[in-house]
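Input: a single structure, listed below in structure tokens.
Each reported figure results from applying straightforward, stated rules to the coordinates on display, with no laboratory input. Quick caveat: nothing in here was measured; it's all calculated off a predicted structure. Positions of Cβ are generated from backbone atoms using ideal geometry, with glycine treated the same way; all protein chains shown enter the neighbour counts.
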Amino acid sequence: MARHQDPSGSEDRVKPLTPRAPLRADKTDIRPFCPPQPPLPTHDELCVASSNPAPMLAKVAESADAVTDRADHWDSAYRDRGVAGVSWFQSEPALSLELIERLGVAPDAAVMDVGGGASSLVDHLVDRGFTDISVLDISQAALEDARLRVGEIAAVRWLHEDLLSWNPARRYGLWHDRAVFHFLTEEADRDRYLDCLGSGIEPGGGLIIATFAEDGPEYCSGLRVARYSAQDLLNLLGPEFQAVAVRRELHMTPGGVVQPFTWVAARAA
Ligand SMILES: C[S@@+](CC[C@H](N)C(=O)[O-])C[C@H]1O[C@@H](n2cnc3c(N)ncnc32)[C@H](O)[C@@H]1O
């Protein structure tokens, strides 16, 4: 896997995150978000709602537990279903854009879309004049697709990395994670991610993180996931992050399945 180091980057470290911070509800903007309804189902879903586990899909999940090569797993997910066929596909990253605005992220900020895959967030940021966007993903297939779509432009760096072994060589003014952190079901992996976040975000930088909500699916793409409330996420982030806004989203998959998400926008101390 290619490694990319940004020569302009800082190797500064910050102290590890300490868990348990109260949600500052007085300053936090809490609103539900329901996007427009997409078209009717086109294929079977691989994400299973906790209230209705389908045995066939659970079997897929079991077999995926045995997959040791994460890159192959994610490449297959994108190649088998196509970018617009994966359950997390959204034609417009509306809530990401809303929260980026809410955080007041300037177009010259360094943006990291961790596990960005083939998401169209990068396209929208380019359209809005952002000049320093990094999209990191373990799936070469997803990155290739997005790169073909966006084209070779100086404003975008494509980082083919496993975030569990990646060390940020610089800090970012916005760290965006939609539907990646919730795949980390082992405490050691979550700690590794949070250390990475701590060393990769600028002081005062914005964080947007979206995971399945407490009543969301238990599996996605054949993998078990962890589910979070906004308070759970803020507790994990600890006092180094101050909540700016939280949202509940009902994402509709291309197959017509509703998936409740929890979103948190926060600012690093
Ligand atoms: C559910 S998808 C979400 C993709 C994108 N954030 C979006 O909203 O469309 C999860 C993404 O995380 C990536 N991913 C999973 N594990 C990863 C890891 N260890 N390192 C980097 N990327 C990872 C997958 O390849 C996939 O693109």
Theoretical gain in end-to-end length, Leu97 to Asp127 [0.36 nm per residue, Cα-Cα removed]: 9.6 nm
Whole-Hz ³J(HN,Hα) from phi, Karplus 6.51 cos²θ - 1.76 cosθ + 1.60, for region 169-178, glycine and proline x: 8, 7, 10, 10, x, 9, 10, 10, 9, 10
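Expected output is a single nm value to one decimal: the length gained when fully extending between Asp232 and Arg70, i.e. 0.36 nm times separation in residues minus the C-alpha distance. What is it? Please list the in-between numbers first.
Values: separation 162, 0.36 × 162 = 58.32 nm, distance 2.60 nm.
Roughly 55.7 nm would be gained on extension.
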Residue list for region 133-175, given a label point 7 angstrom along the Cα-to-Cβ vector of Ala106 and an amide N cut-off under 14 Å: 173-174
GluC sites (Glu not before Pro) restricted to region 184-228 and DSSP loop, no more than 15 other C-beta within 10 Å: Glu186, Glu214
Region 155-257, Rg to Rh (Cα coordinates; Rh as Kirkwood inverse mean 1/r): 0.96
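If Lys and Arg each add +1 and Asp and Glu each add -1, what is the summed charge of the other residues whose beta carbon sits under 13 Å from the beta carbon of Ala179? Write out the running numbers ahead of the final one.
Working: positive: Arg178, Arg227; negative: Asp113, Asp137, Asp177, Glu249.
Here the count lands on -2.
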